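Reviewing the structure listed below.
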Amino acid sequence: MIVIEIIDIKNFMAHLLLQETFDNFLLFEARAVTSSELLLNGKRHQNWYDSDQWEQMMHTHGQYDCRYMTWGEMRSIVFRFIKGKKSPDRLYIDLTASEKQRMQIIGEKGIRQTEVAPDLRMQIRYEEGRLLLVPTASYPAFTFDKAAERKWEEALQLFLSHKKIVFHLLNE
């Protein structure tokens, strides 16, 4: 497991809150603490949608991606909550890769037929002036094989570099 420290916090936050850089990731959870606390659970509630809407979403995005709201759908809520002269005391955002992103990173051949692909999650933690990213692979069952986790860590570092987000690794 690695921990990524973001060096240019202002640039990263612009990508996260003002640009579409992370919009295709799925929101697992977000928590922000300013003068009060905001907690968002990204789980999508099927019963909120009529059957035609839900079927269209399932057809367009697939069952895996319909489980959670996208970051793009929820980004403005978090931005409006933390916007102001002061930085939030704490910000925690837990994003998970979409099905398409997972398959691009792990690859069809990287998953045995008997296995379910792990959730590839990125925990974004801002506190005390530091911004950390912790990439994790959440497996549905215990496994010694950490290949998907390593691929996710590498893919996330490439993604950040491609977006010109300056970072360094705290540990390996």
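Taken together, the values in this text are just the output of simple stated rules run on the coordinates, not laboratory data. This is a predicted model, so every value here is computed, not measured. Cβ sites come from the backbone with ideal geometry, for glycine too, and all protein chains shown count toward neighbours.
A few points about this structure:
- Of K85, K146, K43, the one that fluctuates the most in a GNM where the chain has Cα springs shorter than 10 Å: K85
- Dipole magnitude of the chain, debye to nearest 20 (Cβ charges: Lys/Arg +1, Asp/Glu -1, about Cα centre): 480 debye
- Relative to the Cα centre, the charge distribution of segment 76-160, modelled as +1 at Lys and Arg Cβ and -1 at Asp and Glu Cβ, gives a dipole magnitude of about 400 debye.
- Vicinal HN-Hα couplings computed from phi for segment 119-131 (Karplus, 6.51 cos²θ - 1.76 cosθ + 1.60; Hz; Gly/Pro x): 6, 9, 10, 10, 8, 9, 10, 10, 6, 6, x, 10, 10
- By the rule of a C-alpha distance below 30 Å, with chain neighbours fewer than 8 residues away ignored, the lysines paired with K151 are K10, K43, K100, K109, K163, K164.
- The helix-only estimate of mean residue ellipticity at 222 nm for the chain, built from DSSP H runs of length n ≥ 4 each weighted as -39500 (n - 2.57), is -11000 deg cm²/dmol after division by the residue total.
- Projecting the Cα atoms of M103, L17, S51 onto the dipole axis of segment 1-147, where Lys and Arg carry +1 and Asp and Glu carry -1 at the beta carbon, places L17 farthest toward the positive end.
- Stretched out straight at 0.36 nm per residue, the stretch from Q46 to L132 would grow longer than its current Cα-Cα span by 27.7 nm.
- Radius of gyration, Dmax [the chain; alpha carbons; angstrom]: 16.6, 52
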